[in-house]
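Input: a single structure, listed below in structure tokens.
The values are calculated or read from the model by the stated rules, or taken from the named source; none is laboratory data. What you see is a predicted model; the values in this text were computed from it and never measured. In this analysis, Cβ positions are derived from the backbone assuming ideal geometry, glycine residues included, and neighbour counts consider all displayed protein chains. Ligands, DNA and RNA are excluded from the accessible area calculation, which covers all protein heavy atoms including side chains. Shrake-Rupley method; radii C 1.70, N 1.55, O 1.52, S 1.80 Å.
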Amino acid sequence: MKTPMKKTALILTFLSLSLANAQYEIEPAERYTQNIGIMVSMLEDLKNRITEQVKDLDQSQTDFLYDGHANSIGALVMHLVSTEAYYRIETLEGRPWTEEEQARLGVAGELGDESKKNLKGKPIRHYLDLWDEVRQRTLAGLKTKDDEWFASNIEEGINYHWVWYHVLEHSANHMGQIATIKNRFPE
């Protein structure tokens, strides 16, 4: 267990890095409509913050499981890739996964024993590169939409704005898990 002094130093370091990287304002990204641009800014901010947390991990850290119920950081990042790819394909392209997309990007749609077995042995850069690829396609797709589409319902009680908010909150949730896993790395 870490001493209180080490914990305090870690917290202060994290806060200072967070403040140094924070935007402090949410402005709509350029070349998007107002509301979509705001969502894009928030999605990009979270992706950048998660990338900063993980980009320098070695293989043992990428695959680290602190107990039998936990997921690795590699699996969590791949889960973010899978989630974003799924919603991009469904909402921006209006179609289901192809078999190839499912095999390549959907592998971590569900986290559990299967993903623990299959999502190891790849460097963190592998997962981040896939996320970059998916994000570029997401950004390109969102540029073709407007705020009227964003506010329109997919079905009763669910609009596109809520779906992309879900992708955003999903990333924030797993960012916290990633920080917890990093805190449990062996010294």
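Here is how the numbers come out for the structure above:
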{"quantity": "Of Ile181, Thr144, Leu43, farthest towards positive along the dipole that unit charges on Lys, Arg, Asp, Glu beta carbons give the chain", "calculated": "Ile181"}
{"quantity": "Förster radius 41 Å - calculated FRET efficiency between Asn48 and Arg95, Cβ distance, rounded to 0.05", "calculated": "0.90"}
{"quantity": "Estimated inter-spin distance, Glu155 and Gln136, nm [label 7 Å along Cα→Cβ]", "calculated": "3.4"}
{"quantity": "Rounded Å value of the spacing that divides the Cα centres of segment 139-187 and segment 63-133", "calculated": "15"}
{"quantity": "For Asn159, residues with placed amide H under 5 Å, excluding near neighbours", "calculated": "Ile154"}
{"quantity": "Kyte-Doolittle mean at least 0.5, axial Cα span of 24 Å or more - DSSP H helices of the chain", "calculated": "4-21"}
{"quantity": "Surface per residue (accessible, 1.4 Å probe) for the chain, Å²", "calculated": "58"}
{"quantity": "Residue (of Asn159, Ala172, Ser72) at the positive-pole extreme of the chain, dipole from beta-carbon charges", "calculated": "Ser72"}
{"quantity": "Distance between modelled label sites at Gln34 and Val163, nm, 7 Å Cα→Cβ extension", "calculated": "2.3"}
{"quantity": "Only Lys, Arg (+1) and Asp, Glu (-1) charged, at Cβ; segment 62-187 dipole about Cα centre in debye", "calculated": "540"}
{"quantity": "Percent accessible area from carbon and sulfur atoms, the chain, protein chains only, probe 1.4 Å", "calculated": "53"}
{"quantity": "Positive-end residue of Val134, Gln102, Asn118, charge dipole of segment 92-148 with Cβ unit charges", "calculated": "Asn118"}
{"quantity": "Net lengthening on full extension, Ile26/Glu187 (0.36 nm per residue, minus Cα-Cα)", "calculated": "54.2 nm"}
{"quantity": "Nearest-0.05 FRET efficiency for Ala103 and Lys145, computed from C-beta distance (R0 30 Å)", "calculated": "0.60"}
{"quantity": "Segment 144-151 - phi-based ³J(HN,Hα) in whole Hz, Karplus 6.51/-1.76/1.60, Gly and Pro as x", "calculated": "8, 10, 10, 5, 5, 4, 4, 8"}
